[in-house]
1. Residues in the range 145-158 that are open to solvent by 20 Å² or more (accessible area, probe 1.4 Å) and either of a type outside the set (S, T, Y) or in contact with a Pro (Cβ under 7 Å, 6 or more places away or on another chain) (or both): how many?
2. Cβ-Cβ under 6 Å, sequence separation 6+ or interchain: first residue in the range 127-139 and at pLDDT 90 or above, partner polar (S, T, N, Q). Which pairs?
3. Considering only the range 108-193, give the strands (runs of 3 or more DSSP E) lying wholly within it that have at least 1 residues that are small (G, A, S).
4. Could you list, in sequence order, the residues of the range 101-135 that are among the charged types (D, E, K, R) and open to solvent by less than 30 Å² (accessible area, probe 1.4 Å)?
5. Quick one: count up the residues across the range 109-135 that are touching a Pro at 6+ places or on another chain (Cβ under 9 Å) and farther than 16 Å from D167 by Cβ.
Amino acid sequence: MPEPTIQQNPKRATRRDIVVAFGCGVFVATMVGVSYAAVPLYSWFCRTTGFGGTTQVAHALPAHEVSGRTITVRFDSNVAPNLPWNFEPERRTVDVRLGEVVTIYYSVTNEAARAITGQAGYNVTPPTVGIYFEKVNCFCFTQQTMKPGEKRDMAVVFYVDPKLAKDSELDTLKDITLSYTFYPVREPERPVAESGNSDKSGHI
């Protein structure tokens, strides 16, 4: 004898499908929102804590006294493989006292036959020092457009916060390395319509 067939209520099934679809939509929207928020939140976290050697941005010169403790700051320069720039610090090391404001210059030359835009990324090592390394002014905050063959001296103004001396984990610290890497910035492509209009205007 065949088993009786259980028939589902069409309205109940439709309602269930709507609830499942709505739940999936909310989940996807939440994941997309989290992914967009992750980058600025991570950037804020690094700037606040110095995580990964991220330096701090000082909005004013220090008001405290200069400490007697001296630390050697080393300067490192790097260029991405697809950026034809020569990038070097004016000197490789400088001895600074905690709280002392120091200005160092990096020399940048565009060795290509065309204008190129680049921007520098940076960090300090050891990474735990990032929270004490305060930059007052730095070329890494903005994009740099260099003409063919152009040479430019770019300043970095910084100081090491005297609060570092109160960090017992850094009692033996003698050296800090400030490292920069220049990367090319891809310029937006010109619209096809705009290119066509400019070509037509150049011919009579």
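The values are calculated or read from the model by the stated rules, or taken from the named source; none is laboratory data. Keep in mind it's a predicted model, so treat the numbers as computed, not measured. Here the Cβ positions follow ideal geometry from the backbone for every residue, glycine too, while neighbour counts run over all protein chains shown. The area values use the complete protein model at the heavy-atom level, side chains included, leaving out ligands, DNA and RNA. Shrake-Rupley method; radii C 1.70, N 1.55, O 1.52, S 1.80 Å.
1. Number of matching residues: 9.
2. G130/T54; G130/T55; F133/T55; E134/Q56; K135/T55
3. 116-125, 151-160, 175-184
4. E134, K135
5. Of the residues in that region, 10 qualify.
Rundown of residues vs (1) modelled with pLDDT of 95 or more; (2) farther than 19 Å from P162 by Cβ; (3) not in a strand (DSSP E or B), yes/no style:
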site	(1), (2), (3)
R47	no, yes, yes
L61	no, no, yes
E65	no, no, yes
F75	yes, yes, no
F87	yes, yes, no
